[in-house]
Each structure stands twice: as C-alpha cells, then as structure tokens.
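Trainee: Dropping the structure in here first, questions after.
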Amino acid sequence: MDPTVIPSLRPLLAILASLLAVPLIVASGSRPNLRETWSVLAAFVKAAIVLSMLPVVLAGDVLACRLWQISPGIALELRVDTLGLVFAMVSSTLWVLTTFYSIGYVRGAGEKKQTRYFASFALSLSATIGIAFAANLLTFLVFFEMLTVATYPLVLHKETAAARRGARIYLAYTLPAGLALLVAVAITWSIAGTLDFVPGGFLTTAMGSPALLSTLFVLFLVGVGVKAGLMPLHAWLPAAMVAPTPVSALLHAVAVVKAGVFGVLRVTGFVFGPGLLTDLSLGTWLAWIAGATVLLASLLALAQDNLKRRLAYSTVGHLSYIVLGAALVNVWSWTGAILHLVFHATMKITLFFCAGAIYVRTHKENISDLDGIGRQMPITMAAFAIGSLGLAGVPGVNGFVSKWSLLSGAALADQRLLLGLLVLSGVLNAAYFFPIVHAAFFKRSDAYPRFGEASPLLVVPLVVTALASVLLGFAPDLGVHAYGLAARTAALVTGGALP
Amino acid sequence: MAVLPESNLPVIITLLLLFGALLTIAAGLVRREFAWPVAFTTLVLVLVDALIQLATIVQGGPLRHTLGGWAAPIGIEYVVDGLGAFVVTVIAAVAVVVGMYARSAVRRENPDQEVAFLGMLLTLLLGLTGMVLTGDLFNLYVFYEISSLAGYSLLAVGDRKAPVAAFRYLILGTTGASFYLLGIGFLYTLTGSLNMADVARLVPALQGNPGLPVALALIIVGVGLKMALFPLHGWLADAYTHASSTSTAIVAPIMTKVSAFVLLRLLFFVFGVDLVANILPAGTIVAWLSAAGIVVMSLMSIAQRDVKRMLAYSSVAQLGYIGLGIGLANPWALTGAVLHILNHATMKCCLFLVTGSVAMQTRRTSVAEYAGLGRAMPWTFASFSLAALAMVGLPPTNGFFSKWYLLLGTIRAGSWPLVAIVAASSLLTAVYFFRLLESIYTAPMTAGGDAPEGESGFFVLAPTIVLGVGVIVLGLCNSWFVTQILQPSLPDALRLPGM
C-alpha cells in the first residue's frame, strides 16, 4: 500500500523559519534582546510547523515539496515520511528549549560574539531539518554539508588555541567525510539512475559487482559515519567539546551526530535495504563495528575526568546503539534504533544542560571537582541522576524502552554476543555515570560556598527534558508518537509486521 | 548543411568594444574623468547585446554573421551557438562587474595610466569576445593576438616587478601564438580552408594523414599556453601577483577560460570527437596533464604566503578542472568543464576583487597580514567566505555543482584515480582557504600595513557582494544553464542521456 503524497509547502517553511531568522539576527546584532527574540520566535514557529505535520503523517500520508532541479533529473526535493518527521520533531522541539538555555548560558558565561553564535545556531537547525526532510541523496548531501559549514563557527566560537585546534580537527574529519559521501552519491547516480529514498532500498545486485557495491557501502559509511561518531572516525567529537555547552548539548548530542546516524538509517534502510545488506553480508560487518564502538567508547568514557568529554564518549557509544540497530535490519532492531535516536536525545541533552549549568555557576569542568555539588544544585543534579539512570537502561526512564527493543532486535537476529555486549554497555554506563551522582550528593567538599541553582533560563529546560525522559519511559508514545512512528518505519523498511 | 540565420548581434559586440576603446581614449584625452563613463557604458551595452543574443539563441538556435557580405569559406564569418553565447555573456557580465570596480580602483592604484588602462581593458575584451565569436581559424589567431597584446599591457601595470612578469608572459605568449599559427598552417595546407565548419567537414577524409596529428599537437600547445594548461602555466603566477588588482580581476577570471573554450571548440567541433580520440590520444593527455596540474598547483597554493599568489596558483589548479572535463570528453565531464568556466569566473573574480579592496584599504597583501580583518570589513569578507566555500566546493555554491558533474564524468570514464584526484583536490583547497578564514576571523590583527578604516566605497564593495551572492544563486540555478544552454549546443555524442 503506497502512501498518498500530498504536495505541501510546510517542509520548506520549516527550513525557512530558521533560515530567515539568520539575517534578522545579524541585523539586530547591536540589540541583544531583539536579536534573541528572533531566535525564540524562529524556534517556536519551526517547532509548530514541524508538529503540525504529525497528524498527516500519522494518518499514513506523506507530505512532499518538490522545488526546482539542481542537476538534470535530480530535484531539490523535500518529503516528510515517518523517519524524517521523528528526527525533525526531536531537533525542533529541543531547539526551543536550547534557545532559552543558550540565552541564559551565553549571558551567564559572558560569551563574546553572540550574534555570530545565534546566527550559526539558526543556520545549523535549518540544515538539520533539511537533512530530515531530504527526499533524495543529493538534497541530503546539500544540507549535510551545510550543517558542517554552519557548525564550524560554533566549534571555533571561543577563538582560543584549543578552540582553533578543535575546529581544525572537526573540519579534518567532516570535510573528507563529505567528499566520501559525494563520491558515493555520484556512483549511486551513475549505477542506479535515481537518488530517491525508497523504504527497503533501491539498489540491487544487478546494478554492480559485489565489490563495487561493498565499496560504495564503505564510502557511504565513511560519509555519514564521521558525524555518527562511528569508531575509528569519532575523534572529532571529544575535540569539539571545546564549544559552548548549548552547542554540545543540541548539536553534539542531538542535531549533528543524529544527522549522522539518521544518515546511517537512510543508507541502510532506504538506499541499500535489508535484502542487499544481507546478500552482501554488509549488515553483520556494520553491526560488529558498531558493537566494538559501543564497548570501546564506554571504556574510554570511564577514563575521562572532564565532564563534557565523558559525555562525548558516552554519546559515541550510544550513537552506535542506533547504528547497531540499523545494521541488524529487523523490525525490532529498527524500532529500537529510531526510538534511541529520540530517547538518547532527551537524556543526553539533559546531562549536557546540567554540565553547562554547573559551568556557568562554578566554572568547574572536571568531575573530580564536583564533590558535594548536589547539595548546592539539587535540582540540576537530580536531573543529572535521571539522565544517568536512563542511559544505563534502568526501567522507569525512556532509555530502558529503546534498549529493550534493541535487545529484542539482537535476539531476533540471533546475535547473542552483540546482545551480551549491549547488556555489558549498560553496566559500563552505570560505572561512568553513577560515581558522579554519588560524589555530588554524598561526598563533602569545602570548595563551594553556598551559591544555589543557576538562573531559571538554565534550570527550567533541564527539568523539562528530565521530566520528558521519565514520562516517555512510562508512555513511549506520548506527545510526538515516537513509538508509533518508529514501529511503522521499521515495518516499512524491513517488511516485517508491526512489533 | 543547414544555413544558419544571419544576425548582426555577434558583430555588434566586437564593434562596440573596438569603437568603445577608441572613444574611451578620445574622451579621456579631453578630460580624464570622461574616460570611465564611456568605457562603462560600452561594457553595459555589450552585456545587453550579449544577453539578447543568448536569449535569441536559446529560443531559435545558432546564429551567424558574414563579415562584409563575403560568403564563407572565402570570407570570414562569425558563428555563435548556445555555448559561445554563454561564454560571451560570462565575459560581458564579469566585465561589467569589474568595470564598476575599476572606477575608483584604477584611479587609486595607477592614476597616471587611467585612460590608457581603460582603453586596453576594452581592447582585451574585444580580443576575447572575438575569439569566442569567430568561425574562422585565422581570424581566431588575430583575436588571440589582440587579446594577448592587451593582456601584456594590462598585466604590466602594477607594482615594480609587474613589467618583468608581463615581459616574460609576452615571450611565452608569443611563442604560444606561433605554435597555434603553425598548427593552422598545417591544417590549411591539408584542407585548403580556414573556415571552421569547412575544415570540420574536410578533416574526417584526412584520417591517417601524418600532418593531422602535428596540426592537432601544435594547436593544443598554442592554446594550452594561453590557457595555462599545466605544465604551460609558468607565466601566470608572477604576472597575476604583481599586476594591479583590476588587471588581475579581469584577466584571471576570463582570459584563461576563453582559451579553454577555444580548445574545446577546436577539439570537438573542428577536429571532431572521433578523430581526437583516434589520431592522437589528445583527450587522455589533456586530462592527465590537467589532473597533475590540479594536484601540484593546489599544493603550490598551500605553500604561498602572498594571498594573490595563492589565488594565482589556485587558478591554475581550477583550470585543471576545466581541462580535465574537456580531456575526458564525455557528457558529464564536459558539462562540468563548461559550467566551471562560469563558476570559476564568478568566484575567482570575487576573491581577486577582495584582495584589491584590502590592498587599497590597508596595504596588506600576505596571508599573515590578513589576520583579524574579518571584523573590520564584514561585508567584504562575507563575500570572500562565500567565494572560498565555492572554491572548496561545498553545496549549495556553484563550485559544488562543477565538482559534482566532473565527478560523474570521471566515474563515467571509469577512472578511479581521477575520481580520487577530483575529490582530494577539494581537501587541498580547503586547507588553504580555511587556514585563511580562520585567521581572518579569529586571529588578532597584525602590525603590518595600515589599520583598516572600514569598508571600501560603494563601487568596490557592490561588485564584490554581487559576486559573493552570485556564487549561491548560480549554484542553485545551475541546472537551468545545463539543460537550456549547454546541452543543446553540444555535439550529439557529448550530450547527456535524454537531452
């Protein structure tokens, strides 16, 4: 049953909402309050437009917006399907919270060049939504590269030697990746004559030799894998932690890295498809790379003392949960992968928000300095505890739901070793998060005078995301219908029955 | 053979420029201030004529003009197809933009030579447009020399070393012209004709004649020298570096491109696709030389300390893209090559205008001295950044699409080393441009040169911004040029499928 395609301008408007805010932000650079009004306005409008598409997609239809041709036979085309909408909803709703948080953060921390910061942020979000709604690989590539460019100034933001180094590393990874993706897309166009995403994939064994198709898959993986933090392509992410915390929170835990795993989902599910992946046994290889990344990243996270770097390694590990789910290509693993794309976002952004609130209040970045902080900032650290529990996969927080689906997927694929690995990773998550929480509440330190919580602009967003994580843990289909959309996408791609 | 409709549009362009040049000098002799308005009006009129010509050809097909009513092949005729009209329009458009810039720049940089300079500028354009418009091999030689002579004098205007550099170019350029002349001498003895269409008709019968490869080789060397086809580029770097900014801004974007176009015309329209592939592996040789040029010249750019010199080497590298596309002689590659004539003209012109503008405002010329200028001249460097992104080939700029078509061309040719070179060259370009951008926006200003007093005046800034925005607009609209203008004028064997 093919879905009805409804022509609509809404996907385009969702991209334009933040794109048009960029010149307005730049123009009102000398008036901070007006400038931030544009950011807030753009965030709300964008989220509203994206959410307005939910009923249509839930009804089983697809919204499409075909713009003009950008290469003979290939149009700049947007298409809102279940997977794209999930990613767009996560990014745009969390952007609303991040915008308020950003305002509190940059003013609290006294960051310079705030105009450039907010403008780049808005541009990044346009690119992210473009990635979510791209209907074909070339459109995807255009927005994917735009995201690279738009986030570069944000990594460079502090303009210190460390920031410059981080930004160079960032480019040194993302630019070659973009080129790998470009070559992959060009080869795909040459052998297939189409670039439109199709649930279940459009490449077939008839289009090229197994060697060519496997090379193509590797090129695609390098292309999207860098942003997805797939080892050994992950090193830019810890280096990029030099960026201001809201950037780390939304971009390096949600938008940019999720654009990477979203790319993995598109490539595995909508370009190659389960059949071809199995025929060439590429899925298994990818699953093992992801499995190794999960394990190694968790171990590396244990060794970090800088809080944001620990979170970054944790992100690398959790992104590979999603890649692992994508690679196993069965209905449970895909459901789990998409759910984890959403749920990891709410949990990890909470943790980053907490790290930022602590930094603004105390200028401390290292875990060893955080003894007793829970007494001073109880709400913040309670939220941190919730996020930690969720990422460790404890029932009651949404992380458990997605992990359960992933475990079911691994069991369904009869990959016992990978199943064991996921369980082990949960233990490791607990090992690197719980001591922080423990030290914060139960250790004493004389380092801090009484100072209390950070400003409400910082605290309210992190409370909201923590509560959302808990609510989604009990009712995964609440609000944005993440569970329903994930399950439906999984069924479409894998051809399996709804879980 | 169908007789093309007769039109005066082509000849009006050359006549306007010829008399415009004379009038400019005459007006300048009366009062120095009169020279620029006359020259600029001429350029605008030429652009209007070029646009009308382009529109006419897009709708009704190629045009010709029989000079003096003497019928070809005895008389000289101008023949313009979509491709030619496209290149002429590019020349005219760049000329108007640079002409605007010239108003204040020439007066500031070389006040004593203003009148003669503007006259020579128009003479250069006369030569270049003539090279594109003519349908006669010997007439092409005449225009080749006109443009070269004007080029020598324009490039000799500049700093103290400029005359030496221009003299070196004169020696090499004259050698190149002699090669070309010898080449058409051979062709004339073989075919008894100098009319391109006539020669094209007679050449296939001569297959196996040993004179033909000689003629072809001589012509490739002759045109290649003016095109700065690697390794015949030796004259270019010094000449561009030391010349005044207006000279470089007009010569760099279009002179070498026109030569590239002439090479394309001679190879595919006079010698013919089959012949070029059979009698001498001319295409393959040009392709590999260009590929070597891309790599070597990109590395040279990275090594430069002077911004203009860096851009000069990068020009040779970018010409490699065009040479590569012509050499591969398949539909996608050729599309990329021809599109890059326009694309590189816009981005390189923008970059050279910025160097001129910076030199005038601050007397800064080296990479190190550009540090920290971003905030002082925000609009100038915003344009610069866009053009730099286009040079790197990031979407949605026009540079990306050139690269996209070229990649498709190399894949079509099945040459993986060339695929790798085209992809990797972007990275090399990224090295020298991102290094510069990082320093422009984040490093503290250095002591060398004056402190900038702010933006340049309107006549310098406006052309820069137009080109910077043009980079994006041309990128998004590239498909229109490809399907409406380029494809209909290519030989059948070189058209994209379905065109």
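The values are calculated or read from the model by the stated rules, or taken from the named source; none is laboratory data. The shown structure was predicted, so the numbers you read here are calculated from the model rather than taken from an experiment. When we count neighbours, we look across all protein chains shown, and the Cβ atoms used for this are built from the backbone with ideal geometry, even at glycine.
Trainee: Which of the residues that make up region B:206-216 are under 15 Å from B:ALA277 (Cβ atoms) and either of a type in the set (D, E, K, R) or at pLDDT 85 or above (or both)? Talk me through it step by step, then tell me what you get.
Mentor: Taking region B:206-216 first, the residues under 15 Å from B:ALA277 (Cβ atoms) are B:207-208, B:212-213, B:216.
Scanning region B:206-216 gives B:LEU212, B:PRO213, B:LEU216.
Trainee: Please work out which one of (1) within 14 Å of chain A (Cβ to nearest Cβ); (2) within 27 Å of B:VAL80 (Cβ to Cβ) is the condition B:ASP492 fails and give its number.
Mentor: (1)
Trainee: Among A:ALA292, A:ALA301, A:ALA255, which is the only one that is touching a Gly at 6+ places or on another chain (Cβ under 9 Å), among the small types (Gly, Ala, Ser) and more than 26 Å from A:LEU203 (Cα to Cα)?
Mentor: On the way: A:ALA292 fails: touching a Gly at 6+ places or on another chain (Cβ under 9 Å); A:ALA255 fails: touching a Gly at 6+ places or on another chain (Cβ under 9 Å).
It is A:ALA301.
Trainee: To continue, here is another question. Filter region A:391-410 for residues that are farther than 18 Å from A:VAL316 by Cα and without any contact (Cβ under 8 Å) to a residue 40 or more places away in the chain and give the result.
Mentor: A:VAL394
Trainee: Right, A:GLY260: in a helix (DSSP H, G or I), closer than 21 Å to A:HIS340 by Cβ and without any contact (Cβ under 8 Å) to a residue 60 or more places away in the chain or not?
Mentor: Spelling it out, A:GLY260 is indeed in a helix (DSSP H, G or I), closer than 21 Å to A:HIS340 by Cβ and without any contact (Cβ under 8 Å) to a residue 60 or more places away in the chain.
Trainee: Does region A:154-168 hold any residues that are of a type outside the set (Gly, Ala, Ser) and more than 8 Å from chain B (Cβ to nearest Cβ), and which are they? Break it down stepwise before answering.
Mentor: Of all residues in region A:154-168, those of a type outside the set (Gly, Ala, Ser) come to A:154-160, A:164-165, A:168.
Result: A:LEU154, A:VAL155, A:HIS157, A:LYS158, A:THR160, A:ARG165.
Trainee: While we're on this one: List the number of the failed condition for A:ILE6; all other conditions in (1) at pLDDT 90 or above; (2) touching a strand residue (DSSP E or B) at 6+ places or on another chain (Cβ under 9 Å) hold.
Mentor: The failed condition is (1).
Trainee: Taking the stated definitions as given, is A:GLY263 closer than 16 Å to A:VAL226 by Cβ, out of contact with any strand residue (DSSP E or B) (no Cβ under 7 Å at 6 or more places or on another chain) and surrounded by 24 or more Cβ atoms within 10 Å (Cβ to Cβ)?
Mentor: Yes; evaluated as a whole, the condition is true for this residue.
Trainee: For region A:214-230, what are the residues that are surrounded by fewer than 23 Cβ atoms within 10 Å (Cβ to Cβ) and either away from every other protein chain (no Cβ under 12 Å) or among the charged types (D, E, K, R) (or both)?
Mentor: A:SER214, A:VAL218
Trainee: In addition: Among the residues of region A:44-64, is any within 14 Å of chain B (Cβ to nearest Cβ) and within 27 Å of the chain's Cα centre (by Cα)? Walk me through how you get there before you give the answer.
Mentor: Filtering region A:44-64 for residues within 14 Å of chain B (Cβ to nearest Cβ) gives none.
Scanning region A:44-64 turns up no residue that is within 14 Å of chain B (Cβ to nearest Cβ) and within 27 Å of the chain's Cα centre (by Cα).
Trainee: Tell me, yes or no, whether region A:220-243 has at least one residue that is within 14 Å of the chain's Cα centre (by Cα), assigned to a helix (DSSP H, G or I) and within 24 Å of A:PHE121 (Cβ to Cβ).
Mentor: Looking for residues that are within 14 Å of the chain's Cα centre (by Cα), assigned to a helix (DSSP H, G or I) and within 24 Å of A:PHE121 (Cβ to Cβ), one finds at least one in region A:220-243, hence yes.
Trainee: Are any residues in region A:144-153 within 9 Å of chain B (Cβ to nearest Cβ) and either within 14 Å of A:LEU251 (Cα to Cα) or in contact (Cβ under 8 Å) with a residue 40 or more places away in the chain (or both), and if so, which ones? Can you show your working first?
Mentor: In the first step, residues of region A:144-153 are kept if they are within 9 Å of chain B (Cβ to nearest Cβ); the result is A:144-146, A:148-149, A:152-153.
Selection gives A:PHE144, A:MET146, A:THR148, A:VAL149, A:TYR152, A:PRO153.
Trainee: Since B:LEU121 meets every condition but one in (1) modelled with pLDDT of 90 or more; (2) over 20 Å from B:TYR144 (Cβ atoms), which condition does it not meet?
Mentor: (2)
Trainee: Could you pull out every one of the helices (runs of 4 or more DSSP H) wholly within region B:268-330 that has 1 or more residues that are within 26 Å of B:HIS242 (Cβ to Cβ) and either among the small types (Gly, Ala, Ser) or at pLDDT 90 or above (or both)? Explain how you work it out, then say what you get.
Mentor: Details: elements: B:273-279, B:282-303, B:307-328.
So the answer is B:282-303, B:307-328.
One line per residue, one yes/no per condition, for (1) surrounded by fewer than 21 Cβ atoms within 10 Å (Cβ to Cβ); (2) without any contact (Cβ under 8 Å) to a residue 60 or more places away in the chain; (3) assigned to a helix (DSSP H, G or I):
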residue: B:LEU18; (1), (2), (3): yes, no, yes
residue: B:LEU22; (1), (2), (3): yes, no, yes
residue: B:PHE34; (1), (2), (3): yes, yes, yes
residue: B:PHE40; (1), (2), (3): yes, no, yes
residue: B:VAL58; (1), (2), (3): yes, no, yes
residue: B:GLY68; (1), (2), (3): yes, yes, yes
residue: B:VAL87; (1), (2), (3): no, no, yes
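Trainee: Continuing with this model, one more query. Here are the criteria: (1) over 20 Å from the mean Cα position of the chain (by Cα); (2) modelled with pLDDT of 90 or more; (3) among the polar types (S, T, N, Q). Tell me which single one A:SER126 does not satisfy.
Mentor: (1)
Trainee: Next question, about the same structure. Mind listing whichever residues of region A:9-55 are surrounded by fewer than 18 Cβ atoms within 10 Å (Cβ to Cβ), among the hydroxyl-bearing types (Ser, Thr, Tyr) and at pLDDT below 90?
Mentor: Within region A:9-55, A:SER28, A:SER30, A:THR37 qualify.
Trainee: Going by what's in this entry, would A:ALA132 be described as among the small types (Gly, Ala, Ser) and under 19 Å from the mean Cα position of the chain (by Cα)? Steps first, answer last, please.
Mentor: Working: among the small types (Gly, Ala, Ser): yes; under 19 Å from the mean Cα position of the chain (by Cα): yes.
So A:ALA132 passes the test.
Trainee: If the requirement is being within 8 Å of chain B (Cβ to nearest Cβ) and either modelled with pLDDT under 90 or assigned to a helix (DSSP H, G or I) (or both), which of these qualifies: A:PRO176, A:PRO199?
Mentor: A:PRO176
Trainee: Okay, next question. Six or more apart or on different chains, Cβ under 8 Å: which pairs go from a residue in region A:476-495 that's without any contact (Cβ under 8 Å) to a residue 40 or more places away in the chain to one that's buried (at least 18 other Cβ atoms within 10 Å of the Cβ) and among the hydrophobic types (A, V, I, L, M, F, W, C)? Could you list them?
Mentor: A:LEU478/A:LEU472; A:GLY479/A:ALA468; A:GLY479/A:LEU472
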